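Remarks on the structure that follows.
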Amino acid sequence: KLAAYIQSIPALFEKPAMEAYDHMGAVLTDAILQAGLNYETVVLPRVQKVKSMPEAKTTSGFLTVLEQNGTDRLLNWSNAEKPLRLLSITRFFRAETVETTDDLRSWLQIAENIPRLKQQRGVGDKTTDYLKILVGLSTSAIDRHIFKFLEEAGIPAQDYQEAQRLVHETADIFGIDYSVLDHNLWQYMSKREKRKR
């Protein structure tokens, strides 16, 4: 049913998957800032600023940048919560000796690591899966846009796990990567919401 609904909307397959980053500062900034904010106008410019800093490519290097500059000043951020989350997750990964995106990709594939990650401030199912996508792993990060899309398709999901299962099984029908379908659904719903505004 979901596959048929998706096929009725040709615009859904205009975008490739998100490009994986090879820059820990950019990955962590993107993952921590993205929730509940306009991605293109608020999150992306800050991610690009961090990505332009070669010294922030490793976790230790990024932590030094954050501590020397002040996370809120570096991000030009007035509310303290997200800068605190970013500093906290960066310290967490440094303590885990996760220095590069290759390290993070490997670390995220060890099942025992995921519950510890979700104990970090502001990190739940969606942020965990989004981190996986940002380092090139195949999954989907279910957010309100995808829940809304499933509802419109006539298949309202009861929870995160059910929504993710529906997206993954539908991606399997199409023979595409989970992150590709996730990205296309998100882009489609996000652009539609922007047009409504």
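The values are calculated or read from the model by the stated rules, or taken from the named source; none is laboratory data. Note that the structure is predicted; figures quoted are calculated from it, not measured. Cβ: placed from backbone, ideal geometry, glycine included. Neighbour counts: every protein chain shown. When the accessible area is computed, the model is the full protein with side chains, heavy atoms only, and any ligands, DNA or RNA have been set aside. Shrake-Rupley method; radii C 1.70, N 1.55, O 1.52, S 1.80 Å.
Before moving on, here are some points about what is shown:
- The long axis of helix 178-196 is offset from the longest Cα principal axis of the chain by roughly 80 degrees.
- Region 83-172: relative contact order in percent, alpha carbon pairs under 8 Å with at least 6 residues between: 19 percent
- Diffusion coefficient of region 1-69 by Stokes-Einstein, Kirkwood radius over Cα pairs, 10 °C, 1.306 mPa s: 113 µm²/s.
- Between helix 24-33 and the chain there is an angle of about 60 degrees, using the helix long axis and the longest principal axis of the Cα atoms.
- Estimated FRET transfer efficiency when R0 is 41 angstrom, pair ASP22-ILE155 (beta carbons, to 0.05): 0.70
- FRET efficiency for the pair SER88 and LYS1, taken as 1/(1 + (r/R0)^6) with r the Cβ-Cβ distance and R0 = 41 Å, rounds to 0.50.
- Point-to-point label distance, GLN48-SER138, nm (Cα→Cβ direction, 7 Å offset): 3.1 nm
- FRET E, pair THR100, GLU40, Förster distance 30 Å, beta-carbon r, rounded to 0.05: 0.65
- Net +/- balance of residues flanking MET24 in space, Cβ distance below 14 Å, scoring K and R +1, D and E -1: -2
- Surface per residue (accessible, 1.4 Å probe) for region 120-197, Å²: 46 Å²
- Loop-resident sites, region 34-127, for GluC sites (Glu not before Pro), counting at most 14 other Cβ within 10 Å (DSSP): GLU112
- Rounded to 10°, Cα long-axis angle of helix 81-95 versus longest principal axis of the chain: 70 degrees
- Positive-end residue, region 40-90 charge dipole about Cα centroid, Cβ charges, pick of GLN68, GLN48, ASN79: GLN48
- Hydrodynamic radius by Kirkwood, which averages 1/r over all alpha carbon pairs of the chain, in angstrom: 17.5 Å
- Listed peptides 21-27, 155-161, 70-76 appear in the order 21-27, 70-76, 155-161 once ranked by packing, highest mean of other Cβ atoms within 10 Å at the front.
- When its C-alpha radius of gyration is set against 2.2 N^0.38 Å (N residues), region 90-197 gives a value of 1.16.
- Looking at region 87-129, none of the trypsin sites (Lys or Arg not before Pro) sits in a DSSP loop with at most 10 other Cβ atoms within 10 Å of its own Cβ.
- Most mobile listed residue (ILE133, ILE89, ILE114) in the chain, GNM with C-alpha springs under 10 Å: ILE114
- Of the solvent-accessible surface of the chain, computed with a 1.4 Å probe over protein heavy atoms with every protein chain present, carbon and sulfur atoms account for 49 percent.
- When the listed pairs LYS1/LYS126; LYS49/LYS82; LYS57/LYS132; LYS51/LYS132; LYS57/LYS126; LYS126/LYS148 are checked against a 20 Å cut-off, the alpha-carbon distance exceeds it for LYS1/LYS126; LYS57/LYS126.
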